[in-house]
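Undergrad: Input: one structure, supplied below.
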Amino acid sequence: MIRPVLGLGVLLAAVACETGHPVVVPLTPERVQHHWLPGIEDGKTTLASATAALGAPLSFEGGGVGIWRLLLVLDPTFPDDDALDAELDEIAYLWWNPYDPYRPVNMAGVAERRERLFENGAMVTAGAAPPPGFARHALLREAEFHLVAAFGPDGVLRRHSFVRVGP
Amino acid sequence: MVRSAVPFLLAGLVLTSCSTPRPAAVDVPERATRLPGISIGQTTRADLLLRYGMPTGRFENDRILTFMLRLTADDELLPVSGDVAWRDPRFRTWDFATYSLVTVFEPDGRLARFELVRVNG
């Protein structure tokens, strides 16, 4: 009789611990591409449609390979000086951990920020001529990716990758 | 007889473990052999771009491409943007060990040779 009760208690404690722990949704390339760039598909997407959606690629390599630099940001409007400072302070507050630089110090804050990102965040493209203020987005990016797309002679996407390059 | 030998055996084990050198850190040439998806004569320029993203350097009319890589805590080499925001704490670990993957291509676009150069840390 006591054993099932003990087992149930341990299970409940485990569930409580689990649910009480903030969940930070990882920004894996697969998840981010599915959320922000669902229309990129091998065999379907064309260079014209990709350019229409993302602007001209930052680099166009030989062999029909186009590369877009994409920044994931919380707010696609360009921040003024005060907003920039406030955002940088928040990032520092959430992530600065003197004991383990690989882990954020404030998991709950990071989890909340990640929720806001998936609700209101935007993917910003760096074109050949980045718009004014783009450097500020680069400072505040939640993550940076390169979309590498290899097009065939007919302009149709043959294969692509979505590479996370930071932070 | 056996019992009296146990302390000496334990002491011997402890001393041996103290004097055993720690495994050497993986050196750069060995790490280069672990780079996935790179094969001389087979890997194409497109293959490398798809794996590592935009090159951080280009030389000799794009015959030579370089990619900046960082070593993660999981011993993975991942591509790094050339644009690092040093005020952002998330970049704090990035200066510990950085590598430059230097790739040289044949005129037909296939990989002729490559080197992994440790440039920091």
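Undergrad: Across the residues of A:155-166, average count of Cβ atoms on other protein chains within 10 Å? Can you show the working numbers first?
TA: Values: counts 0, 0, 0, 1, 3, 1, 6, 2, 9, 4, 13, 13.
Mean partner-chain Cβ count within 10 Å for A:155-166: 4.
Undergrad: Of the peptides B:46-52, A:132-138, how do they stack up when ordered by the mean number of other Cβ atoms within 10 Å, highest first?
TA: B:46-52, A:132-138
Undergrad: What does the average come to when, for each residue of peptide A:55-64, you count the partner chain Cβ atoms lying within 10 Å of its Cβ?
TA: Mean shielding by partner chains, rounded to a whole number: 3.
Undergrad: Right, next: Relative to the present Cα-Cα distance, how much length would full extension add between B:E76 and B:V104 at 0.36 nm per residue of separation?
TA: Between B:E76 and B:V104, full extension yields 7.8 nm more.
Undergrad: Loop only by DSSP, 10 or fewer other Cβ within 10 Å of the Cβ. Give me the chymotrypsin sites (Phe, Trp or Tyr not before Pro) in the range A:39-115 that pass, ordered by residue number.
TA: Details: sites: A:F60, A:W68, A:Y93, A:W95, A:W96, A:Y99, A:Y102; in loops: A:W96, A:Y99, A:Y102.
Of the chymotrypsin sites (Phe, Trp or Tyr not before Pro), the ones in loops of the range A:39-115 whose Cβ has at most 10 other Cβ atoms within 10 Å are A:Y99.
Undergrad: Rounded to the nearest 0.05, what FRET efficiency do A:A108 and A:F134 have when you use their Cβ-Cβ distance and R0 = 35 Å?
TA: With a Förster radius of 35 Å, E is 0.70.
Undergrad: A further question on this structure: Order the peptides A:119-127, B:98-106 from the highest to the lowest mean number of other Cβ atoms within 10 Å of their residues.
TA: Highest to lowest by the protection proxy: B:98-106, A:119-127.
Laboratory data are not the source of any read-out in this text; all were calculated from the coordinates shown. The model shown is predicted, which means the values in this text are computed figures rather than measured ones. FYI the Cβ positions are ideal-geometry reconstructions off the backbone, even for glycines, and counts take in every protein chain you see.
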